[in-house]
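Please read the structure below before turning to the comments.
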Amino acid sequence: MSAAAFPTPSDRVVDGPTPKHAQLREILRKAVERELPPGSPIPSERELAERYQVSRLTVRSAIGKLVEEGLLSRVRGKGTFTATRRIDLQLYLMSFTDDMRRRGLVPTTEILGTTSEIPPTTTANALGLGEAQAALRLRRLRRADGVPLAVERGWYHPDRLAGLFELDLTQSLYAQLAQHYDVRLDHAWQTVWAESADRETARLLGIKAGSPLLVFRRVASMNGDPLEDMTSWYRGDHYQVTMQLDRSSPDSGIPAKHGGTR
């Protein structure tokens, strides 16, 4: 992108108490958020330095911070581009398939593996299984418009969901559970944390090992019977989480809202 194609700056970087790199960062942030669609190239460091009359070190610092925030992304040999907008992941029980379609995206699912094996103790306890009782393990890769977004590795109750692997698991799992088992999960406890991508997860998601991920572990049930213990790894550069917070006492016995997407 030439400097002429970049939005004409209405702000200037001036001497003052605010560091120049911070001023330039906010100028660039405004252009990225208000005027440039995802995937748009921005001018080179040299062009930006000339345009705003600052050093290239100042430009590099401003751009680096916006890359860390996920607003810009660097492509080796090609330049710096506005990043793909993050999907707002709201915490409620909804099929991944339905959620992506609601956003106007085309969802697809790749089955990575189906096995029956002894789960970790935490999963056995979560699903109410006996000692050394096998559970159904399902691993899937979820895409939207061809872009890999999430890796799911989940465990399912072997008795209540017998025959699960005979279903078309490339479709919405929740729709399959409703259709074939009359199961409609109505409650879940979910824990969210940040994690760096290991090599296998990074390979599946098409990102570098060590890239940031949002991880969700959810135990879902119907009528109090736990049926699913699922952990999902979402790309940190494509997702953000929105939560509604209500004022309540930790001792009120009212849990926060939990959920996710499947």
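Residue-wise HN-Hα couplings along region 155-167, as the Karplus relation 6.51 cos²θ - 1.76 cosθ + 1.60 with θ = phi - 60° gives them from phi, are 10, 10, 5, x, 7, 6, 10, 4, x, 4, 6, 7, 8 Hz; Gly and Pro carry x.
Each semi-axis of the equivalent ellipsoid for region 3-82 is √(5λ) with λ an eigenvalue of the Cα gyration tensor; in descending order they amount to 18, 13, 13 Å.
Ordered by the number of other Cβ atoms lying within 10 Å of each residue's own Cβ, fewest first, 78, 30, 20, 65 fall into the sequence 78, 30, 65, 20.
Charged neighbours of residue 113, selected by a Cβ distance under 14 Å, balance to 0 (K, R count +1; D, E count -1). Based on C-alpha pairs under 8 angstrom that are at least 6 apart in sequence, region 3-82 has a relative contact order of 34 percent. Based on Cα contacts under 8 Å between residues 6+ apart, region 20-64 shows a relative contact order of 55 percent. Between residue 101 and residue 55, the contour length at 0.36 nm per residue exceeds the alpha carbon distance by 12.0 nm. Near residue 135, the amide H atoms lying under 5 Å from its own belong to 117, 118; only residues 5 or more places off or on other chains count, and H is placed 1.01 Å from N.
Label point of residue 18 set 7 angstrom out along Cα-Cβ; within region 36-62, amide nitrogens under 20 Å from it belong to 36, 48-62.
Each value in this text was obtained by applying a stated rule to the coordinates, not by laboratory testing. Just so we're clear, the structure is a prediction, and the values are computed from it rather than from any experiment. Here Cβ is always computed from backbone atoms with ideal geometry, including for glycine, and neighbour counts include all displayed protein chains.
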